[in-house]
1. For a quick check of your reading of the model, give me the residue pairs whose first member lies in region 231-256 and is farther than 17 Å from LEU282 by Cα and touching a residue at least 40 places away in the same chain (Cβ under 8 Å), whose second is open to solvent by 10 Å² or more (accessible area, probe 1.4 Å) and part of a loop (DSSP other than H, G, I, E, B), with beta-carbon atoms closer than 7 Å and at least 6 apart or on different chains.
2. Being surrounded by fewer than 21 Cβ atoms within 10 Å (Cβ to Cβ), modelled with pLDDT of 95 or more and among the hydroxyl-bearing types (Ser, Thr, Tyr) is the requirement here; does TYR370 meet it?
3. Looking at region 188-211, I want the residues that are over 21 Å from ASN223 (Cβ atoms) and have a partner that is assigned to a helix (DSSP H, G or I) and not aromatic (Phe, Trp, Tyr) with Cβ atoms under 6 Å, at least 6 apart or on another chain. Which pairs are those?
4. Would you pick out the residues in region 190-202 that are open to solvent by 30 Å² or more (accessible area, probe 1.4 Å) and either more than 19 Å from LEU130 (Cα to Cα) or of a type outside the set (S, T, N, Q) (or both)?
5. Restricted to region 63-81, and to residues that are farther than 11 Å from VAL104 by Cα, out of contact with any Leu (no Cβ under 7 Å at 6 or more places or on another chain) and part of a helix (DSSP H, G or I), which residue is most open to solvent (accessible area, probe 1.4 Å)?
6. Within region 160-185, which residues are part of a loop (DSSP other than H, G, I, E, B) and either of a type in the set (Gly, Ala, Ser) or closer than 22 Å to ASP214 by Cβ (or both)?
7. Quick check: anything in region 317-335 aliphatic (A, V, I, L, M) and closer than 27 Å to ASP262 by Cα?
8. In region 82-99, what residues are of a type in the set (A, V, I, L, M), touching a helix residue (DSSP H, G or I) at 6+ places or on another chain (Cβ under 8 Å) and outside any helix (DSSP H, G or I)?
Amino acid sequence: MKLQHIGLFLLSLISLGSCTKIDDEYLYDDNLDVSWEEMAQKTTDKLIQQFWNNEGYFNYGSDGSDNGFQYWPNAHAMDVVIDGYLRTNDPKYSAYFEKWFNGVKIKNGNTYKNVFYDDMEWNALTMLRLYEITKEQKYMDAVLLLWHDILPAWNTEYAGGGLAWRKDMLYSKNACSNGPASILAARLYKLTKDEQYLEWALRIYDWQKETLFDRATGAVYDNINGETDVVNTTALTYNQGTFLGTAVELYDITKDPLYMNDAQKIANFTVTKCIDASNNVLRNEGDGDGALFKGIFVRYFVQFLQRDGIQEAFRSKFENFLRNNAKVAWIQGNDVGIVLFSPSWTQKPLGQTQLTSQSSAAMLFEGLVYFEKTTKNN
């Protein structure tokens, strides 16, 4: 991920109303003329229709407006396609798996490796999902190739540990490179029962908790500069989401309630502070990379909500918040018949939109459908 996008976002952060306390008031009732399933179906299908390139990757702009290739958003777009497949079991979605797997390698310079450690982590997480669905070894081979290229990011020379953000900046230890890596390690442990993966998941989580987490509030800080030991205390939704996701994974493995306590604190901070208070939805964190952030949070927020151990008052608040985001995004952020989304879930896009914005909205609707289905089945 590119740091300049974060910098532009930081300049405008104070204008987003992100520090207003949520009051649990939701604007829309449940009398919508479209189901969550239809929202997910239409948004995911529009993502494929508007962004898929027959060379085997997702374009950056809708309707051919930008045929450029961005490595890490492609992982999240494919995650949406995987979501669609798991929701429907329709082979029209699985038909893209191998095409994407081959296409992104070619577009990335005939390699899955990248200068950004976080970009590789996101693609490894997506490929691990493909392996879990298909059981085809080529996907696991790619995951392990990336995993071994990611491990050298860990160093104790700067900030006492942690994974660097990029290969040429080993001093920059970012939440975006540590959260996804610890999720990946935990999931590899679940699949293989190889203790080395659990050790890595715990090591990364413990370092991040000690260095980039405010235990009093639940805020996940963006990064620490290992040359100066200055911590950037900006809290972004996707960093909240990946640290939340790791807490959930470690709770699954250890059953230690400490991890659910951490997760609840992280979730509550996000739905209280990282919001557009006028609509009680996750805030607009800018276009480009920033447009993906809240969709990533939703993915791990949904997984958190599927676990036991959430205090009942918080559970009601969190579930209502999730549904309210989907209602507002569908009603305010979507032109009927167009089904394209901007970085803000309260504003319709003006003309074309980006892969990051559309993927984020699709993650919201797919996540809500998955949550509602799994909740009913429990």
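1. Hits for this filter: VAL248/ARG307; TYR251/ARG307.
2. Working: surrounded by fewer than 21 Cβ atoms within 10 Å (Cβ to Cβ): yes; modelled with pLDDT of 95 or more: yes; among the hydroxyl-bearing types (Ser, Thr, Tyr): yes.
So TYR370 passes the test.
3. These pairs meet every condition: TYR189/LEU198; TYR197/ALA185; TYR197/LEU188.
4. So the first thing to find is which residues in region 190-202 are open to solvent by 30 Å² or more (accessible area, probe 1.4 Å), and the list is 190-196, 199-200, 202.
Once the filter is applied, which keeps residues that are open to solvent by 30 Å² or more (accessible area, probe 1.4 Å) and either more than 19 Å from LEU130 (Cα to Cα) or of a type outside the set (S, T, N, Q) (or both), region 190-202 yields LYS190, LEU191, LYS193, ASP194, GLU195, GLN196, GLU199, TRP200, LEU202.
5. The residue in question is ASP63.
6. Of all residues in region 160-185, those part of a loop (DSSP other than H, G, I, E, B) come to 160-162, 167-168.
Scanning region 160-185 gives GLY160, GLY161, GLY162.
7. Going residue by residue through region 317-335, those that are aliphatic (A, V, I, L, M) are 322, 326, 328-329, 331.
The next check asks that each one be closer than 27 Å to ASP262 by Cα; those that pass are 322, 326.
Yes.
8. Listed by number, the list is empty, since nothing qualifies.
The values are calculated or read from the model by the stated rules, or taken from the named source; none is laboratory data. In this text the structure is predicted, and so the values were computed from the model without any measurement. Here Cβ is always computed from backbone atoms with ideal geometry, including for glycine, and neighbour counts include all displayed protein chains. Areas reflect the complete protein model, heavy atoms only, side chains present, ligands, DNA and RNA absent. Shrake-Rupley method; radii C 1.70, N 1.55, O 1.52, S 1.80 Å.
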